[in-house]
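Read the structure below first, then the notes.
The values are calculated or read from the model by the stated rules, or taken from the named source; none is laboratory data. As the structure is a computational prediction, the values presented were derived from the model and not from experiment. Every residue, glycine as well, gets a Cβ built from its backbone with ideal geometry; the counts of neighbours run over all protein chains shown.
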Amino acid sequence: MVRFKSRYLLCELCVSEPSSLHLFEDKVVYQALRGAVNRAHGDYGAAIFNIGVLVKYLNAHTGVVLIRCRKAHYRLVWSSLPFITFLENRGQKVRCFFNCLHVGGTIRTSQKFLIKYNRQQLQRMLLHCKTDAEKQDVRKAILSCSVSLVRGEETDGSDDDDGDEEDT
């Protein structure tokens, strides 16, 4: 039995109005990604895309997208992300772009990175708070980001896979 190695692209869907994120589903992102790969890489890219690309997760509140693709071809999908300039759902076009945050070998490493990234974003938000109530809300959000989970994983750190090596 053969195991296919995958890469997980953790991306942030950036839109001008955050309220429009609720319009999107994973099917919409998948179709836009398929079109971008087809435009950028032609028939070869379309064939590779049909073999092993899948949108695993889309958070409609934060705009986080997790895309799984085969290890040998993740750069092809990654290079097509800048060609997505809008997403269309239910007749509405929303201008957007994808910001690739992390490329990981497993979903777990992508989740670890996302926890650290969200904590950093909350720390940045804390600096821009104007009232004490806002500061308290952000501090509560920072503490709720699985503090025990992050501390426990930092000490063990043995299964980190940053996806830079090329296995055959």
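Could you list, in sequence order, the residues of segment 32-49 that are touching a helix residue (DSSP H, G or I) at 6+ places or on another chain (Cβ under 8 Å) and without any contact (Cβ under 8 Å) to a residue 40 or more places away in the chain?
Our first condition is that a residue be touching a helix residue (DSSP H, G or I) at 6+ places or on another chain (Cβ under 8 Å); within segment 32-49, this holds for 33-34, 36-41, 45-46, 48-49.
If the condition is that a residue be touching a helix residue (DSSP H, G or I) at 6+ places or on another chain (Cβ under 8 Å) and without any contact (Cβ under 8 Å) to a residue 40 or more places away in the chain, then R34, N38, H41, G45, A46, I48, F49 are the ones that fit.
Kindly state which strands (runs of 3 or more DSSP E) lie completely within segment 1-103 and contain at least 2 residues that are touching a Gly at 6+ places or on another chain (Cβ under 6 Å) and charged (D, E, K, R). Break it down into steps so the answer makes sense when it comes.
Details: elements: 6-15, 54-58, 64-70, 86-89.
Per the criteria, 6-15.
Please pick out the residue among R75, R95, R39, R90 that is within 20 Å of the chain's Cα centre (by Cα) and farther than 16 Å from L13 by Cβ. First the steps, then the outcome.
On the way: R95 fails: farther than 16 Å from L13 by Cβ; R39 fails: within 20 Å of the chain's Cα centre (by Cα); R90 fails: within 20 Å of the chain's Cα centre (by Cα).
R75 is the lone residue from the list that is within 20 Å of the chain's Cα centre (by Cα) and farther than 16 Å from L13 by Cβ.
Starting from segment 104-115, keep only residues that are closer than 14 Å to I67 by Cβ, then list their pairs with residues that are of a type in the set (S, T, N, Q) and part of a helix (DSSP H, G or I) whose Cβ atoms are within a distance under 6 Å, requiring at least 6 positions of separation or different chains.
From segment 104-115, the pairs are G104/S110.
Consider segment 107-144. How many of its residues are in a helix (DSSP H, G or I) and over 21 Å from the mean Cα position of the chain (by Cα)?
Of the residues in segment 107-144, the ones in a helix (DSSP H, G or I) are 107-127, 132-143.
With over 21 Å from the mean Cα position of the chain (by Cα) added as a condition, the list becomes 126-127, 132-140, 143.
Going through segment 107-144 one residue at a time, the tally reaches 12.
Would you call F113 of a type in the set (F, W, Y), within 14 Å of Y8 (Cα to Cα) and surrounded by 15 or more Cβ atoms within 10 Å (Cβ to Cβ)? Please lay out each step first, then the result.
Details: of a type in the set (F, W, Y): yes; within 14 Å of Y8 (Cα to Cα): yes; surrounded by 15 or more Cβ atoms within 10 Å (Cβ to Cβ): yes.
Judged against the criteria, F113 is a match.
Might you check whether a residue that is touching a strand residue (DSSP E or B) at 6+ places or on another chain (Cβ under 7 Å), surrounded by fewer than 18 Cβ atoms within 10 Å (Cβ to Cβ) and not aromatic (F, W, Y) occurs anywhere in segment 56-69?
yes
Here is a list: V28, V53. Which entry is outside the structural domain of K116 (by TED's automatic domain parsing) and more than 15 Å from R75 (Cα to Cα)?
Numbers: V53 fails: more than 15 Å from R75 (Cα to Cα).
Step by step, each of V28, V53 is checked, and only V28 is outside the structural domain of K116 (by TED's automatic domain parsing) and more than 15 Å from R75 (Cα to Cα).
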